[in-house]
Amino acid sequence: MFWRWQVISKDQQHQINESIRAREVRLIDANGDQAGIVALRDALQMAQEQNLDLVNIAPQAKPPVCRIMNYGKFRYEQSKKDKETRKNQKIVQLKEVRLSASIEENDVQTKLKHVIKFLEHGDKVKLSIRFRGRQITHQELGRKVLDRVAQEVKELADVERPAKLEGRQMIMILNPKQQS
């Protein structure tokens, strides 16, 4: 019968205890003081006497730098820090509002309310106008509509990308201004 052990969470960042493959290491004790260059087995013995782990924190150094610490506690604190940074991240989305070159005034006001709502929420807004049929010959009408919307929201947003024709579509991207 052939048995295999599977490691559930293999940490590739640090080598600990017996997985360290250096003859001698620069040792930092549990208090953070340097103990100098020590043979690996002496460092392992010191860590074992204190019921802590020997962790290789700088494997590329000559000799490698190892620290005596509670590795489980260290990983737990690292995961808490990572979770906190993820929680504080703001994910900016790109919302699209489609307009038309021959849009009426009431429709512009409705679309403008949507744009303002997206910008206040902190999202980027992509304004797009699709030209159908012969409308492509009057691109200035579409540019005028986009410029008008950008003018209406200039207190809330900066124009990240001015109106530009791409195929049969004219696109403008608005970026929300940072609140300070």
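The values are calculated or read from the model by the stated rules, or taken from the named source; none is laboratory data. This structure is a prediction, so every number in the text was calculated from the model and none was measured. Cβ atoms come from the backbone with ideal geometry, glycine included; neighbour counts cover every protein chain shown. Just so you know, the surface numbers come from the protein's heavy atoms only, side chains and all, with ligands and any DNA or RNA stripped out. Shrake-Rupley method; radii C 1.70, N 1.55, O 1.52, S 1.80 Å.
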- Could you pull out every residue, at least 5 positions away or on a different chain, whose amide H is within less than 5 Å of the one on Ala157? Hs are placed 1.01 Å off N in the peptide plane, and Pro or chain starts have none. Lys177
- Query: What accessible area, in Å² to the nearest ten, does a 1.4 Å probe give for Lys124?
  - Reply: 60 Å²
- Task: Please identify, among Ala39, Ala157, Ala101, the residue showing maximal mean-square fluctuation in a Gaussian network model of the chain using a 10 angstrom Cα cutoff.
- Result: Ala39
- Task: Would you list which lysines come within 22 Å of Lys111, measuring only between C-alpha atoms, while excluding same-chain residues fewer than 8 positions from it?
- Result: Lys95, Lys124, Lys126, Lys144, Lys154, Lys164, Lys177
- Stretched out fully, how many nm does the piece from Lys81 to Ala61 gain, at 0.36 nm a residue minus the Cα gap? 4.6 nm
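Leaving out ligands, DNA and RNA, and with a 1.4 Å probe, what % of the accessible surface on the chain is carbon or sulfur?
Values: 6370 of 13400 Å².
Carbon-and-sulfur percentage of accessible area, whole number: 48.
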- Item | Length released on extending from Asn175 to Glu104, taking residue separation times 0.36 nm less the Cα-Cα span | 23.1 nm
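Restricting to Cα pairs below 8 Å that are 6+ residues apart, what does the relative contact order work out to for the chain? Please round to a whole percent.
Values: 244 pairs, mean separation 26.1, N = 180.
The value is 15 percent.
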- Item | Among Asn17, Asn31, Asn56: highest mean-square fluctuation, GNM of the chain, C-alpha pairs under 10 Å | Asn31
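With a 1.4 Å probe and all protein chains left in place, how much accessible area per residue does the range 51-174 have, in Å²? Write down the numbers at each step before the final one.
Details: 8250 Å² over 124 residues.
Accessible surface, normalised per residue, equals 67 Å².
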- Item | Computed helical MRE - 222 nm, the chain, DSSP H runs ≥ 4 contributing -39500 (n - 2.57), nearest 500 | -10500 deg cm²/dmol
- Query: So what's the angle, to the nearest 10 degrees on a 0 to 90 scale, between helix 71-88 and the longest Cα principal axis of the chain?
  - Reply: 10 degrees
- Relative to the chain, whose Cα atoms define the longest principal axis, helix 40-49 and its Cα axis are tilted in degrees, nearest 10, by 90 degrees
- Distance between Cα centroids, the range 151-180 to the range 103-150: provide it in whole Å. 10 Å
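Rounded to the nearest 20 debye, what is the charge dipole size of the range 35-180 about its Cα centre when +1 sits on each Lys and Arg Cβ and -1 on each Asp and Glu Cβ? Write down the numbers at each step before the final one.
Details: 29 positive and 19 negative charges, 78 e Å.
Taking the Cα centre of the range 35-180 as origin, the dipole is about 380 debye.
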- Message: Can you match Cα extents along the principal axes in Å to one of these, (i) 41, 40, 29; (ii) 82, 50, 30; (iii) 59, 35, 28, based on a calculation from the structure here?
- Response: (ii)
- Can you tell which of Ser128, Ser100, Ser19 shows the greatest fluctuation in a Gaussian network model of the chain with Cα springs below 10 Å? Ser19
